[in-house]
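Let me begin by handing over the structure; questions about it come next.
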């Protein structure tokens with residue numbers, strides 16, 4: 001049975017994580033999920049909006065998205081981006097828990113004739129895949145199992161923290177030892193390596209703005225993946241994918257290493273395993289470090 | 001200096017803890033902190049902080065306002081939320097650090113003007129306000145040049161290869177910034193939220 005959900009792609013869907021957006025739009029319809037984008041969605045403020053704008057103004061960014069989402073219908077809002085999920089889910093839950101915040105944000109929305117009542121449910125797409133779609137439905141779509149592909153599942157931070165183990169996230173996984181990504185890998189027929197750095201931080205936006213502070217964190221991740229003999233690192237997070245991939249030459253220069261490990265989204269692996277087009281649907285041409293093994297599958 | 005909290009010029013301000021409890025997002029939970037250090041021990045970047053969160057929270061209690069708001073702790077947080085999920089007293093540490101950073105910006109501390117994260121946040125919100133979306137090219141560009149023309153050029157050149165890779169893989173486009181249709185509407189909402197925020201004299 002197919003159903004339509006409200007989709008919040010986030011700014012990275014038009015830039016550094018085009019291939020996440022592209023592969024999701026390819027794999028979700030076969031899994032029975034149609035996406036309807038939030039009308040004219042705006043930026044969520046990510047990890048830094050709060051610092052410059054303050055709590056209320058930063059929350060107002062999400063409030064407008066939620067108002068637009070609600071105006072289109074009561075369906076759940078799903079997002080693939082860790083930061084979009086974090087902010088939108090947090091603001092939504094805060095509105096539900098605080099009459100003061102709800103009042104303040106509605107006063108702000110009111111200047112343009114919008115309002116939001118807090119009635120939506122904001123969910124991460126990975127949580128949707130775990131809870132509603134289920135591994136069996138994913139396995140049922142696999143036409144080209146990724147046999148022999150060794151995958152280090154790198155979950156990162158905000159996909160699971162601080163909400164994965166809460167009621168409103170359907171307790172879809174744990175904070176420190178999440179297994180959903182390995183489950184996705186195995187559902188695709190690939191081998192999930194025991195990658196113990198799965199929830200270590202890549203430095204997030206701090207690695208972008210101050211590489212001196214964050215690159216050693218990425219180096220540690222890569223070391224572990226290399227030690228395990230990973231063919232690819234798989235991740236659900238747009239910023240993790242970009243940081244861990246784009247900085248490899250710089251890390252090699254600074255630390256005398258020789259990393260060249262492809263970093264892909266779980267949805268790209270699924271697209272290939274589902275037998276969809278590796279370029280048009282999986283967007284494998286958009287990874288800076290190409291995985292010959294994956295491209296040859 | 002546009003002081004928001006009481007007696008901004010004193011090194012020890014015994015009202016500062018109360019101000020944080022009552023005005024900082026999540027600050028009321030700070031009363032529950034039992035100084036166990038799970039936060040500082042969980043922090044992936046703690047070694048690069050002047051003080052870990054545990055110590056920073058004790059400094060808040062001691063009224064060391066200026067030392068708190070000029071420490072690099074509030075700028076170095078990588079938003080990994082390890083501390084938030086591990087805190088046995090459910091103190092929303094990451095949110096508190098972000099709101100303290102915002103307080104440091106609003107009070108005009110020099111350290112808050114120079115911090116990487118503050119410069120980056122400024123560039124980021126500029127794009128979010130102007131276009132309704134984040135343009136990764138403009139945000140990093142404006143951020144690099146916030147250090148001056150020469151340093152900006154240096155940083156830009158240093159990241160040339162990354163930028164080229166992103167362009168080649170069509171993850172950085174060359175045209176106008178992506179923008180929402182109702183920019184005016186978003187700007188009005190944000191201005192009103194800012195006004196309400198200022199009316200409360202706090203971060204909501």
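Across the residues of B:170-179, average count of Cβ atoms on other protein chains within 10 Å?
So the per-residue partner count for this stretch is 3.
Would you order A:123, A:168 from fewest to most other beta-carbon atoms within 10 Å of each residue's own beta-carbon?
A:168, A:123
Please report, in whole Å, how far the alpha carbons of segment A:187-289 spread along each principal axis, starting with the longest.
Principal axes ranked by extent give 41, 26, 23 Å for the Cα atoms.
How do A:31, B:14 line up, fewest other C-beta atoms within 10 Å first?
The most exposed by this proxy come first: B:14, A:31.
Evaluate peptide A:159-166: per residue, the Cβ atoms of other protein chains within 10 Å of its Cβ; return the mean as an integer.
The per-residue average across the peptide is 4.
Nearest 10 degrees, 0 to 90: what angle lies between the long axis of helix A:99-110 and the longest principal axis of chain A (Cα atoms)?
90
Compute the distance in nm between two label points, each set 7 Å from the Cα along the Cα-to-Cβ direction, one at residue A:98 and one at residue A:196.
3.9
Looking at segment A:62-204 from every direction and averaging, what is the projected area of its Cα convex hull in nm²?
10.0
What fraction of the DSSP beta bridges in the protein assembly as shown is antiparallel, stated in percent and rounded to the nearest 5?
Counting DSSP beta bridges with both partners in the protein assembly as shown, the antiparallel share is about 0 percent.
Can I ask one more? Measuring from label point to label point, each 7 Å out along Cα→Cβ, what is the residue A:176 to residue A:75 span in nm?
3.9
Quote the relative contact order of segment A:37-105 in percent (integer), defining contacts as alpha-carbon pairs under 8 Å separated by 6+ residues.
Reported as a whole number, the value is 37 percent.
Label 7 Å along Cα→Cβ of residue B:32; segment B:87-102 residues with amide nitrogen under 17 Å?
B:87-97
Distance between Cα centroids, segment A:226-297 to segment A:40-75: provide it in whole Å.
About 30 Å separates the Cα centre of segment A:226-297 from the one of segment A:40-75.
Shifting gears a bit: In nm, give the distance between the simple-model label positions of residue B:200 and residue B:18, each being 7 Å from the Cα along the Cα-to-Cβ direction.
Rounded to a tenth, the inter-label distance reads 2.0 nm.
Can I ask one more? For A:7, B:21, what ranking results if the residue with the fewest other Cβ atoms within 10 Å of its Cβ goes first?
Listing A:7, B:21 from fewest to most nearby Cβ atoms yields B:21, A:7.
Based on the alpha-carbon set only, what is the convex hull volume of segment A:129-196 divided per residue, in Å³?
Spread over its residues, the Cα hull of segment A:129-196 gives 73 Å³ apiece.
Given R₀ = 60 Å, FRET efficiency for residue B:187-residue A:147 by Cβ-Cβ distance, to 0.05?
So, using R0 = 60 Å, E works out to roughly 0.70.
Ranked highest first by average number of other Cβ atoms within 10 Å, how do A:192-199, B:175-182, A:53-60, B:39-46 line up?
A:53-60, B:39-46, A:192-199, B:175-182
Listed highest first by mean packing, meaning other Cβ atoms within 10 Å per residue, what order do B:120-131, A:251-262 come in?
B:120-131, A:251-262
State the Cα centre-to-centre distance between segment B:112-168 and segment B:63-101 in whole Å.
24
In whole percent, what relative contact order does chain A give with Cα contacts below 8 Å and a gap of six or more residues?
RCO, chain A: 20 percent.
Right, something else. Taking the highest mean first, how do the peptides A:11-19, B:140-148 order by number of other beta carbon atoms within 10 angstrom per residue?
A:11-19, B:140-148
While we're on this one: Quick check: the distance between the Cα centres of segment A:162-224 and segment A:101-122, to the nearest angstrom?
Between the Cα centres of segment A:162-224 and segment A:101-122 lies a distance of 33 Å.
Quick one, can you get me the convex hull of the C-alpha atoms of segment A:172-217 expressed as volume per residue in Å³?
With only Cα atoms used, segment A:172-217 gives 99 Å³ per residue.
Tell me the Kirkwood hydrodynamic radius of chain A in angstroms, computed as one over the mean inverse distance between distinct C-alpha pairs.
19.5
Next question, about the same structure. How compact and how long is segment A:3-124, expressed as Rg and Dmax of its alpha-carbon atoms in Å?
My reading of the Cα-based Rg and Dmax gives 14.1, 42 Å.
Divide by every residue of the protein assembly as shown the summed helix terms, -39500 (n - 2.57) for each DSSP H run of at least 4, and state the resulting mean residue ellipticity at 222 nm, rounded to the nearest 500 deg cm²/dmol.
Calculated at 222 nm, the ellipticity per residue is -14000 deg cm²/dmol.
Plugging the Kirkwood radius over Cα pairs into Stokes-Einstein for segment B:16-114, at a temperature of 20 °C and a viscosity of 1.002 mPa s, what D comes out in µm²/s?
Estimated via Stokes-Einstein, D reaches 163 µm²/s.
Take every Cα-Cα pair in chain B and report what % of them are more than 25 Å apart.
Cα-Cα pairs in chain B separated by more than 25 Å: 47 percent.
Give me a single rounded figure for B:114-124: the average over its residues of other chain Cβ atoms within 10 Å of their Cβ.
Partner-chain Cβ atoms within 10 Å, mean over residues of B:114-124: 6.
Now, a different point. Please work out the ratio of the alpha-carbon Rg of the protein assembly as shown to 2.2 N^0.38 Å and round it to two decimals.
0.94
Any read-out appearing in this document is the output of simple, stated calculations on the displayed coordinates, not a laboratory observation. The shown structure was predicted, so the numbers you read here are calculated from the model rather than taken from an experiment. Cβ sites come from the backbone with ideal geometry, for glycine too, and all protein chains shown count toward neighbours.
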